[in-house]
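Working notes, structure below.
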Amino acid sequence: MTDPVLTLSDVSLTLMGNAGPVDILHDIVLNVASGETVGLVGPSGSGKSSLLMVMGGLELASSGQVHALGQELTAMNEDELARFRRDNMGVVFQSFHLIPTMTALENVATPLELARDKDAFAKARAELEAVGLGNRINHYPSQMSGGEQQRVALARASAPRPRILLADEPTGNLDETNGQAIMDLLFALRDRHGATLIMVTHSQDLARRCDRIIRLRDGRVDTALAAA
């Protein structure tokens with residue numbers, strides 16, 4: 001069996017709400033193998049996005065341990081987590097999170113520049129061409145459609161060649177046509193770079209394309225099913 005790239009051991013997450021502490025995740029135990037594609041599904045409020053954020057070290061588990069690529073994320077400080085994500089992970093959000101004052105090319109090149117990649121702009125251009133935006137590299141987010149902005153976000157996440165790609169509702173803000181195009185691109189990028197892909201989705205079509213479906217309910221793993 002392939003060694004897991006992500007391991008969660010008895011992970012729980014409690015966040016402070018207006019009325020006091022709120023238990024979000026409960027004793028999650030999970031292994032994700034190298035190259036696997038995993039869909040996180042479940043009702044709204046079931047903890048899917050919170051689980052994805054814990055996997056990426058964007059939320060720190062209240063208890064338990066998270067290991068990624070053999071390193072314990074739960075033992076890292078914020079700077080160490082930021083460097084680990086920069087070097088090993090790509091993250092795609094539902095709301096794109098592009099920098100509005102930067103062009104598409106600059107948005108994609110920025111994480112490469114932060115990693116001191118001397119070929120940052122050449123690689124950024126190649127990634128934008130790979131997602132069909134070779135003619136939009138000098139456009140700003142406000143000059144692009146939602147589907148185009150998500151393509152830029154995909155290019156930005158994949159440009160550093162991450163070993164782990166996390167996607168939170170990548171088609172959630174898009175119409176059916178653009179959503180289908182983003183789905184195809186997401187899996188094409190995964191295949192091209194050989195990354196492990198973990199995504200939160202409400203789309204049954206997208207979930208069925210995954211190797212495995214993990215269903216959450218009330219902050220607990222309900223069941224894990226192989227995609228048909």
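The values are calculated or read from the model by the stated rules, or taken from the named source; none is laboratory data. Just so we're clear, the structure is a prediction, and the values are computed from it rather than from any experiment. Backbone-built Cβ (ideal geometry, glycine too); neighbour counts: all protein chains shown. Protein only, heavy atoms only, side chains kept; ligands, DNA and RNA dropped before computing areas. Shrake-Rupley method; radii C 1.70, N 1.55, O 1.52, S 1.80 Å.
For the chain, give the share of DSSP beta bridges that are antiparallel, in percent and rounded to the nearest 5; count only bridges with both residues there.
Percent antiparallel among DSSP bridges in the chain is about 60.
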*asked:* If I compute solvent accessible area with a 1.4 Å probe over the protein chains, what percent of it on segment 92-228 is carbon and sulfur?
replied: 47
*Estimated FRET transfer efficiency when R0 is 25 angstrom, pair Gln180-Thr14 (beta carbons, to 0.05)*: 0.10
*Which is farthest toward the positive dipole end of the chain among Asn77, Val152, Gly172, measuring Cα position about the Cα centre, with Cβ charges +1 (Lys, Arg) and -1 (Asp, Glu)?*
Val152
*asked:* Charges at C-beta only: +1 for Lys and Arg, -1 for Asp and Glu. How large is the resulting dipole of the chain about its Cα centre, in Debye rounded to 20?
replied: 420
*For segment 67-129, radius of gyration divided by Kirkwood radius, i.e. Rg to Rh on alpha-carbons*: 1.03
_Quarter of Cα convex hull surface for segment 1-153, i.e. mean projection, nm²_ = 11.3
*How many Å³ per residue does the convex hull of the Cα positions in segment 93-228 occupy?*
117
*segment 60-185 - percent relative contact order, Cα under 8 Å, separation 6 or more*: 32
*segment 10-84, Rg to Rh (Cα coordinates; Rh as Kirkwood inverse mean 1/r)*: 0.97
*Classify segment 168-228: rounded, prolate or oblate, from the alpha-carbon gyration tensor (a ≥ b ≥ c, eigenvalue square roots; a/c under 1.5 rounded; otherwise prolate if a/b is larger than b/c)?*
oblate
*asked:* Based on DSSP loop calls and a cut-off of at most 10 other Cβ atoms within 10 Å, the longest stretch of the chain free of exposed trypsin sites (Lys or Arg not before Pro) is what?
replied: 1-115
